[in-house]
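J.: Pasting a structure here, questions to come.
The values are calculated or read from the model by the stated rules, or taken from the named source; none is laboratory data. Keep in mind that this is a model prediction, so the values were computed, not measured. Heads up, the Cβs are rebuilt from the backbone with ideal geometry, glycines too, and the neighbour counts pull from every protein chain shown. The protein model used for the area step is the full one, side chains on, heavy atoms only, and it has no ligands, DNA or RNA in it. Shrake-Rupley method; radii C 1.70, N 1.55, O 1.52, S 1.80 Å.
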Amino acid sequence: MKKYIYVAIALFLILLIAGYGSLYRVNETEQVIITQFGKPVGGIDNDAGLKIKVPFIQKANRIEKRILLWDGVANDMPTKDKLYITVDTFGRWRIKDPLQYFLRLRDERSAQSRLDDILGGETRNAVAKHKLIEIIRTTKGRESEVDPLLVNADRGRLLTIKRGRRQIEEDIYKAASGKLSEFGIELLDIRFKRINYNESVRQKIYARMISERQQIAERFRSEGAGEAAKIIGSKEKELQRIESEAYQEIQTIQGVADAKATAIYTSAYNQSKYSQELYTFVKTLETYRSVIDANTTLVLTTDSDIYGLLKGVD
């Protein structure tokens, strides 16, 4: 009896495993290819829901429906004008032919590797055919605002381009799309994410930029020094004019004052004999005050005026 029970349990487990292995689910974001012994059988299953397959023999291979991102690795590459730059690109793609995709690539990892080879190679080819300015600039007729002070130095003007970055991206897209279609992949777009100078030449570029800025700064400093000298010269000239006019005015006032004082002195001196004697006496005292001080030693005769004056004081 126990033997039959064990057999029944074993059969139930086998049926359970077989039933579980015969069912698979298709999500809305994916499509499924059924393979039997590694070869696709049937068509592409795009409808979401629960499906049935032969257990143990058939396998459900899931393929993404959604738009996928390709993020390239930044690589160093030369331009047509022999400048080494680091170019980083990215793109969007989707699986257009699932069966072709599955037969050629099998999985997304292989697809990403193929995208790296094709898009990276086409990007390198496109960069090598164009100058750096063509890869950086987009608009052909763009004009920059130029400082009027720099026009003569021919700085700040944009160089003329023939194609531009957008057209180069379009060239890469067209060249890579045909190659990727063989793998069932549709390339939606590709763009430059970052473009920079290679580290080996970046310092030289920075040094040249610094040198150009220093030349412009030196020019501004020279013009500023010339303008400062002109202003200082005008200031000195104006100061000398003001001082000259002030000195002339002072001399005029002093002359008028001296004339009035002389007139007053003359009028007072000529009034009488006593006034003349008083004037002479006062002037004599002023002379003595200016000539004699505490450290002065005088040798006088008895008939000198100073001796007589001092004797009279005693």
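J.: Between Thr302 and Asn61, what is the spin-label point distance in nm, taking each point 7 Å from the Cα along the Cα→C-beta axis?
T.: Roughly 15.6 nm, to one decimal.
J.: Also, I was wondering about something else. Expressed as a whole percentage, what fraction of the accessible surface of segment 181-309 belongs to carbon and sulfur atoms when a 1.4 Å probe is rolled over the protein heavy atoms?
T.: Here it works out to 56 percent.
J.: Per residue, how much accessible area does segment 190-314 show when a 1.4 Å probe rolls over the protein heavy atoms, in square angstrom?
T.: Accessible surface, normalised per residue, equals 84 Å².
J.: Suppose accessible area is computed on protein heavy atoms with a 1.4 Å probe; arrange Tyr24, Tyr279 from highest to lowest.
T.: So the residues, ranked largest to smallest area, are Tyr279, Tyr24.
J.: Can you give me the distance in nm between label points at Ser181 and Gln271, each placed 7 Å from the Cα along the Cα-to-Cβ direction?
T.: The answer from the label model is 13.1 nm.
J.: Going highest first, how would you order 98-109, 175-186 by mean Cβ packing within 10 Å?
T.: Top to bottom by mean Cβ count within 10 Å: 175-186, 98-109.
J.: Quick one: of Lys82/Lys193; Lys59/Lys179; Lys53/Lys179; Lys82/Lys204, which pairs are farther than 24 Å apart, Cα to Cα?
T.: Lys59/Lys179; Lys53/Lys179
J.: Sticking to Cα atoms, compute the Rg of segment 170-314 to one decimal and its Dmax as the biggest Cα-Cα distance, whole number, in Å.
T.: 47.7, 143
J.: Give the dimensionless ratio obtained when the Cα radius of gyration of segment 226-282 is divided by 2.2 N^0.38 Å.
T.: 2.19
J.: Here's something else I'd like to know. What order do you get for 57-67, 206-216 when each peptide is scored by the mean count of other beta carbon atoms within 10 Å, highest first?
T.: The most tightly packed comes first, giving 57-67, 206-216.
J.: I've got another one for you. Tell me, in nm to one decimal, what length is gained between Asp293 and Thr138 on full extension, where the rule is 0.36 nm per residue of separation less the Cα-Cα distance?
T.: 46.2 nm
J.: Translational diffusion coefficient, Stokes-Einstein: compute it for segment 176-237 using the Kirkwood radius over C-alpha pairs as Rh, at 10 °C and 1.306 mPa s, and state it as an integer in µm² s⁻¹.
T.: Answer, rounded: 92 µm²/s.
J.: Work out how much length Ser110 to Ser211 would gain on full extension: take 0.36 nm times their residue separation and subtract the Cα-Cα distance, in nm to one decimal.
T.: Roughly 31.5 nm would be gained on extension.
J.: Could you rank the peptides 122-134, 34-46 by their average count of other C-beta atoms within 10 Å per residue, with the highest value first?
T.: Result, highest mean Cβ count within 10 Å first: 122-134, 34-46.
J.: Measure off, as a whole percent, the carbon and sulfur share of the 1.4 Å-probe accessible area of segment 54-139, all protein chains present.
T.: 50
J.: Could you give the spread of the C-alpha atoms of segment 36-87 along their three principal axes, from largest to smallest, in whole angstroms?
T.: 61, 24, 16
J.: A further question follows. Please name whichever of Leu300, Leu278, Ile264 sits farthest to the positive end of the charge dipole of segment 215-307, dipole taken about the Cα centre and charges placed at Cβ: Lys and Arg +1, Asp and Glu -1.
T.: My answer, from the dipole projection, is Ile264.
J.: Suppose R0 equals 45 Å; then what is the FRET efficiency for Ile232 and Thr160 from their Cβ-Cβ distance, rounded to the nearest 0.05?
T.: According to the calculation, E is roughly 0.50.
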